[in-house]
Amino acid sequence: MPKMKVAQIGRPGGDFELVERDIPSPPARHVRVRVQACGICHSDVLTKEGQWPGLTYPRVPGHEIAGVIDELGADTVGWKKGQRVGVGWHGGQDGICISCRRGDFANCENPLIPGLSYDGGYAEYMIAPVEGLASMPESLDNAEAAPLLCAGVTTFNSLRRSGAMPGDLVAVLGIGGLGHLGIQFANKFGYRTVAIGRGSENAARAKKLGATDYIDSQATNAAQELKKMGGARVILATAPSSKAMSELIDGLGPNGTLLVVGATMDPIEVTPVQLIFGRRKVQGWYSGIATDSEDTLRFAELTGVRPMIEKYPLAKAAEGYARMMSGKAEFRVVLTM
C-alpha cells in the first residue's frame with residue numbers, strides 16, 4: 001500500500017515521532033484530504049500532553065488544516081476531488097445531542113475535533129467528515145490560510161456577532177497569535193480599533209495592523225484611557241491573562257461586552273456593581289463551525305487580512321511546536337507538506 005508520513009504523539013507527554021503509515025481510505029460521508037499546510041496552535045498541547053478526556057494514542061495533532069480533497073468516500077455529495085478545503089477546530093458534530101437538534105452545532109456536547117477526536121493535520125494525508133469541511137478560495141496561500149481556520153475564525157466570528165457596529169470603539173487586548181488577527185478584522189469591520197499591549201515597542205506594529213490607537217498597559221491605566229475615549233463597546237480579550245482582563249472591566253462603555261477568547265484557568269474578577277451600572281457583560285467565545293470558517297476565509301481574501309507566520313517542514317514538527325510554545329514565534333507557526 002502507498003505510504004504517508006505523519007508526526008504523531010505515541011503517549012501523553014511523549015515526543016513527536018515521524019513515522020510512515022498506510023494512506024487511509026475515507027469511509028462513507030468522509031473525504032481524504034491531501035494536507036498542504038497545518039498551523040500549530042497552542043491548543044495542540046492538549047494532544048501533546050494528554051489533557052483531553054478520552055484521548056487515545058498514538059494520535060496525530062493539528063486542527064488548522066489547508067489542503068485538497070484527494071478521495072471521496074461513499075455517499076459524499078456536494079464536494080469534488082481536487083477541491084481546496086480547510087478543516088478547523090470544529091471538525092464535525094454528533095448530530096444527536098440537544099444542541100445539534102436545535103441547529104447549534106458549535107455547542108455540540110460531543111464535538112469532533114481534529115487532532116483529538118481523530119487524527120489531525122500534522123500529516124501528508126488525513127480523513128475528515130464532510131461536516132468539518134470548509135471550502136477555500138483559490139487565491140489564498142495554503143500556509144496563510146491554515147491559521148485562519150482557528151485563530152482567524154475565532155476572532156472574526158466573535159467580533160461579527162458581538163453587537164459592535166461600524167464606528168464603535170472596539171479594543172483588542174493582546175497583540176499575539178489571536179490579537180494580531182483581531183486587530184486586522186476589527187479595522188476591516190470599520191470599528192475604531194484600539195490595541196492594548198504591554199510596552200511601547202508594540203505601538204508601531206499595532207498601528208501597522210490597523211489600530212487607530214495604542215494603549216501601553218504598563219505605562220498607563222488602560223481602563224481609564226478607554227473611559228476617556230468614551231468607553232469600549234467591545235473589548236476582545238485575546239491575551240490569556242485573567243488579571244489583565246479584570247483590570248479592563250471599567251473601560252467598557254454602556255452595554256459594553258468583555259469578549260473572552262484567550263483561554264486561561266484562573267478566575268476573572270468583576271463586581272456585580274461593575275456589571276449592573278452600564279449593563280455590561282462578560283461573554284466567552286470560541287471558534288465556529290465550517291461555514292463560519294468559509295466566511296472567515298472569504299472575508300480575508302476580500303480584505304487582505306493575513307496571519308503573520310513562520311514555516312517549518314513536517315519533518316521538523318517538534319521544532320515548530322517548540323517554537324510556537326516558546327512565545328517567540330512571529331505570531332503563528334505553520335507546518336508545510
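Since every read-out is calculated from the coordinates, none of them should be taken as a lab result. Because the structure is a prediction, the values reported are computed rather than measured. FYI the Cβ positions are ideal-geometry reconstructions off the backbone, even for glycines, and counts take in every protein chain you see.
Report the charge-dipole magnitude of region 114-161 in Debye, nearest 20, computed about the Cα centre from +1 at each Lys and Arg Cβ and -1 at each Asp and Glu Cβ. Before the final figure, lay out the partial values.
On the way: 2 positive and 6 negative charges, 71 e Å.
For region 114-161, the charge dipole is close to 340 debye.
For region 104-183, run through the GluC sites (Glu not before Pro) and keep only the ones in DSSP coil with at most 16 other Cβ atoms within 10 Å of their Cβ.
Details: sites: GLU109, GLU124, GLU131, GLU138, GLU144; in loops: GLU109, GLU124, GLU138.
Qualifying residues, ordered by number: GLU109, GLU138.
Taking the Cα centre of region 61-158 as origin, sum charge times position over the Cβ atoms of Lys and Arg (+1) and Asp and Glu (-1), and report the length of that vector in debye to the nearest 20.
Details: 5 positive and 13 negative charges, 54 e Å.
Taking the Cα centre of region 61-158 as origin, the dipole is about 260 debye.
May I ask what percent, to the nearest 5, of DSSP beta bridges between residues of the chain are antiparallel? Kindly include the intermediate steps, with their values, before the conclusion.
Working: 32 of 60 bridges.
Bridges in the chain are about 55 percent antiparallel.
Can you find, among PHE16, ALA315, GLY88, the residue farthest towards the positive end of the dipole of the chain? Put +1 on the C-beta of Lys and Arg, -1 on that of Asp and Glu.
With unit charges placed on the Cβ atoms, the residue in question is GLY88.
Can you give the charge dipole size of the chain about its Cα centre, rounded to the nearest 20 debye, using +1 on the beta carbon of Lys and Arg and -1 on the beta carbon of Asp and Glu?
Details: 36 positive and 35 negative charges, 125 e Å.
That gives a dipole near 600 debye.
Taking the chain as the reference, fit the longest principal axis to its C-alpha atoms, fit the long axis of helix 179-188 to the helix C-alpha atoms, and give the angle between the two in degrees, 0 to 90, nearest 10.
Helix 179-188 sits roughly 70 degrees off the main axis of the chain.
I need to check one value: relative contact order of region 149-307, counting alpha carbon pairs closer than 8 Å and at least 6 residues apart, in percent.
Values: 317 pairs, mean separation 38.8, N = 159.
This gives 24 percent for region 149-307.
What residue among PRO129, PRO267, ASN221 has its Cα farthest toward the positive end of the dipole of the chain, where the charges are +1 on Lys, Arg and -1 on Asp, Glu, each on the Cβ?
ASN221
What relative contact order, as a whole-number percentage, does region 77-196 give when Cα pairs under 8 Å and 6 or more residues apart are counted? Don't skip to the end; give the middle numbers.
Numbers: 148 pairs, mean separation 25.5, N = 120.
So the answer I get is 21 percent.
With point charges of +1 on the Cβ of Lys and Arg and -1 on the Cβ of Asp and Glu, referenced to the Cα centre of the chain, which listed residue (ALA171, VAL68, ALA145) lies farthest in the positive direction of the dipole?
With unit charges placed on the Cβ atoms, the residue in question is ALA171.
Are there any chymotrypsin sites (Phe, Trp or Tyr not before Pro) in region 216-316 that are in a DSSP loop and have at most 15 other Cβ atoms within 10 Å? List them by number. Mind showing how you got there, number by number?
Working: sites: PHE277, TRP285, TYR286, PHE299; in loops: PHE277, TRP285, TYR286.
Those that pass, being in a loop and sparsely packed, are PHE277.
If I model a spin label as a point 7 Å beyond the Cα along the Cα-Cβ vector, how far apart are those points for ASP15 and VAL273 in nm?
It works out to 5.7 nm between the two label points.
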